[in-house]
1. Take every Cα-Cα distance within chain B, group them into 5 Å bins from 0 onward, and report for each bin the whole-number percent of pairs it holds.
2. Okay, helix-only estimate at 222 nm for chain B: each DSSP H run of n ≥ 4 adds -39500 (n - 2.57), divide by all residues, round to 500 deg cm²/dmol; what do you get?
3. Using r as the Cβ-Cβ distance of A:Ala142 and B:Asp218, and R0 as 35 Å, what FRET efficiency do you calculate, to the nearest 0.05?
4. Would you mind listing how long the stretch B:16-70 runs along its three principal axes, going by Cα atoms, in whole Å with the largest first?
5. Would you mind checking the pairs A:Lys65/B:Lys238; B:Lys65/B:Lys238; A:Lys26/B:Lys150; A:Lys205/A:Lys238; A:Lys235/B:Lys26 and listing those with alpha carbons more than 27 angstrom apart?
6. Just to be sure I understand: with springs between alpha-carbon atoms less than 10 Å apart, which residue in A:Glu176, A:Glu34, A:Glu219 has the highest mean-square fluctuation in the Gaussian network model of chain A?
7. Taking H as built 1.01 Å from N, whose amide H comes closer than 5 Å to the amide H of A:Gly193, not counting residues under 5 places away?
8. Once the dipole of the protein assembly as shown is set up with Lys and Arg at +1 and Asp and Glu at -1 on Cβ about the Cα centre, which of B:Ala174, A:Phe97, A:Leu110 lies farthest towards its positive end?
2 protein chains.
Amino acid sequence: MATCQWTKDLRETVVARAQRSEEITKRIIDLIVERRLPPGAPMPTELSLAEAIGVSRNSIREAVKALQALGIVEIRHGYGTFVGSAGSEALQTWLLFRTRTRGTTDAGRLRDLLEVREMLETELTRRVARDHRPELIGRLEACVARMRRKGPDVAVADREFHDLICAEAGFDLARELTGLFWDVYRAAETELGGPAAASVAGTAKRHQAIVDALVRRDEDAAEAAVHRHFDEVRKRAKAGRYGGFGEARPEISGSAAG
Amino acid sequence: MATCQWTKDLRETVVARAQRSEEITKRIIDLIVERRLPPGAPMPTELSLAEAIGVSRNSIREAVKALQALGIVEIRHGYGTFVGSAGSEALQTWLLFRTRTRGTTDAGRLRDLLEVREMLETELTRRVARDHRPELIGRLEACVARMRRKGPDVAVADREFHDLICAEAGFDLARELTGLFWDVYRAAETELGGPAAASVAGTAKRHQAIVDALVRRDEDAAEAAVHRHFDEVRKRAKAGRYGGFGEARPEISGSAAG
DNA sequence: CAGAAGTAGGACGTGGGACGTCCTATGACT
DNA sequence: AGTCATAGGACGTCCCACGTCCTACTTCTG
């Protein structure tokens, strides 16, 4: 089933006690890399790993849990453990926690997030302005059109818009990171009580300006449009009435223990 | 194999099930956020958490291990568990794994890393050119001076140089990310067998050009200097004889990652 | 009294086993 | 041929014991 052949004995020299756990995760990663297991490939069972490395199943499970947290492996209950894709979703917990706990003011916490996004998108947009396929424009226009219609779809269209541009540049890592920042920014903003209501018309207009610059393949204009867009987001953030992280907030989930 | 159906079923079960572990990690994070525990603050013991949340110590340990992998908590054997700072070091494993397993060619795997670094540093350097404290220049010059002397310290000075600039911009997240990318790039390069030998003189010269632009507070010149710097790194990478990840690799001495 | 050595206790680390839950594949049944 | 029941495998959770490490307190000694 979800088992793969296991022949090589991973047992090696005795390692220091404190580094045991870390050593196990490293051993598992090496297994994936050396065997060139692609994302989705089945991993050995926990029992196999325990036997092969020479530790208990408990230790293996803890190591695997750590790898799961990083998206390096994917666990399916009752089926098996598989190689993960190490996508950026794995970092959401990390980045959201960081945003919640770092810095002194809520606005300052969000600033870093926005700033990195702006830097990456500025550069990505420049590259896309220089070189992109014609069909990109149509897709972007469609997103802008969706933004013009009010409703919850505006946010979705917004995310899609930015993702389309970042994807067009062809750098997977940069694209995933910008998506990650978008998601975490939004999550943080929501938790803080939400920003001031966005002007739908203004949002669409800013995005349209980016598209126009891309059509003209005008790098500088594109960069300027991106900056203006982020200026507006910052302005909106500043106007938002934030409550604060960890405050009592309207939660609906039935968590009994408190 | 009906792909859509299969995927859908899997998704549902995954969401519905396997929520136990995720619920525990979430609960622990909430505990930190709600109590506003700063990095370094002691966490409740595993036994306390187990009792408080109502699960076994094993489950707590697995959840804590996952949080440790993200740098959200820090575990000290025999002493206790503490709130972590969620620094970027936690992402090294993630990013290195990603670099090792994604993409088709080794050069392509490194490209994304370098590209993101270039984008961030370009923008950060622009900002620093616009506004920076005068003492920065002296520190940068010192780094360049160290680069001129051959030896393993060149790489250290190189990293420091870039970190100084990124720190000056004042965006912690961006600064940590560029440092992360630098480290992972270097680690990946080393594992692949190292790049072509860097021209020490050339490296120092490129960095000096950046400093000169900063002194003149010339944004465009600074950006151009950064681009030239990365062009050189790319050229060197392309000329490198890479073995491949997971291969038997030769030991190499210090090399500059850029 | 002050400092060093020893000790007790707490907290994490590891191991082993048992049982529950979930998934898939196989084979019987209609 | 299609559907359903079942068996087996694999992960999920739990319990309990013991090892290792660290801290703080106690005790001993000069």
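1. 1, 6, 11, 13, 13, 11, 11, 11, 9, 7, 4, 2, 0, 0
2. Working: 11 runs with 174 residues, N = 258.
Here the helix-only value at 222 nm equals -22500 deg cm²/dmol.
3. Working: r = 41 Å, r/R0 = 1.16.
Efficiency for this residue pair is about 0.30.
4. For the stretch B:16-70, the Cα extents along the three principal axes come out at 32, 21, 20 Å.
5. On the way: A:Lys65/B:Lys238 37 Å; B:Lys65/B:Lys238 39 Å; A:Lys26/B:Lys150 33 Å; A:Lys205/A:Lys238 20 Å; A:Lys235/B:Lys26 31 Å.
Result: A:Lys65/B:Lys238; B:Lys65/B:Lys238; A:Lys26/B:Lys150; A:Lys235/B:Lys26 exceed 27 Å.
6. Among A:Glu176, A:Glu34, A:Glu219, the largest GNM mean-square fluctuation belongs to A:Glu34.
7. Close amide H contacts, sequence-distant or interchain: A:Gly243.
8. Comparing the listed Cα positions along the dipole, A:Phe97 ranks first.
Quick note: the coordinates plus some simple rules give every number you see, no bench work behind them. Only a predicted model underlies this, so the values are computations on that prediction, with no experimental measurement involved. Ideal geometry is used to build each Cβ from the backbone, glycine not excepted, and the neighbour counts take in all protein chains shown.
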